[in-house]
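A short write-up of the structure that comes next.
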């Protein structure tokens, strides 16, 4: 990337973040002044309750995150572009000062994301554009509640707040699997405790069903990724590989239809499977939960969150290969 292009990219990222701060207003003041509609007021009160639970019961940081509300007047806060070669699942990566290297490139304006996507498409790459409702600044800034997710269902709000606040406890550059596995562990344990305190028996049953369906969904994806990887590494000609690739993605759509019949409530990926699938789509919905069992077992062993967090932070300070060996041997 040229210096000019790099400078422009970072400028749009900074301006996008500034926009969030400029539009942010204290939730407490908004509620006192009746400055939002009744539905938004109801949801904001709920988020404050979830946030208080996160700090009180899960030991997550009690800072200014989710104490402010920002209505950015659009459906998504950022748009992420995923890029892979046509015959590989190895995604392009971009590296940033705080987040390290990631497999997507985020834009605060959809048209700029589309320009970058089209450029990569003309290079013969598989591309995918995904709108994102929320993200974490990893504790560098106070993350606001956004209109893009304020009307989520109760359980999805709980999941989002717990997950994003978990990233503020520990985040390791260039180790997405570690970071996401830890956050999913906190999310799962947090939802379990939240439902125990605030949910009904039906709520708990629905959550358990979601966990099972999620496991089933990613088993299907991992199987297809293994098949595609085998194809791409084979000695077949490029034209045959492309033909077989198209067949495999059509098979994946058929398998998803079967999945939906088994799990009729699990519709969150319907929009994705209604469009053309490619390698970049698989990268976008990758499962980075490999070490969730490790973190869950460690939490059970430590009994309390402060001790658990201390152990995780110590582990995060280890070199990548040593950290990986420790977790894999313990799984």
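The values are calculated or read from the model by the stated rules, or taken from the named source; none is laboratory data. Computed from a prediction, not measured in an experiment: that's the story for all the values here. Don't worry about glycine lacking a Cβ; one is built from the backbone with ideal geometry, like all the others, and counts go over all protein chains shown.
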Tell me, please, whether a residue that is in a helix (DSSP H, G or I) and under 16 Å from residue 84 (Cα atoms) can be found in region 248-260.
-> yes
Residue identified as in contact with a strand residue (DSSP E or B) (Cβ under 7 Å, 6 or more places away or on another chain) and at pLDDT below 95 among 94, 79 | 94
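Condition (residue is in contact with a strand residue (DSSP E or B) (Cβ under 6 Å, 6 or more places away or on another chain) and either surrounded by fewer than 21 Cβ atoms within 10 Å (Cβ to Cβ) or within 15 Å of residue 135 (Cα to Cα) (or both)) applied to region 170-178: is it met by at least one residue?
yes
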Could we say that residue 174 is outside any helix (DSSP H, G or I), in contact (Cβ under 8 Å) with a residue 12 or more places away in the chain and out of contact with any helix residue (DSSP H, G or I) (no Cβ under 6 Å at 6 or more places or on another chain) here?
-> yes
If we only count helices (runs of 4 or more DSSP H) wholly inside region 269-331, which ones have 2 or more residues that are within 30 Å of residue 247 (Cα to Cα)?
-> 270-273, 279-284
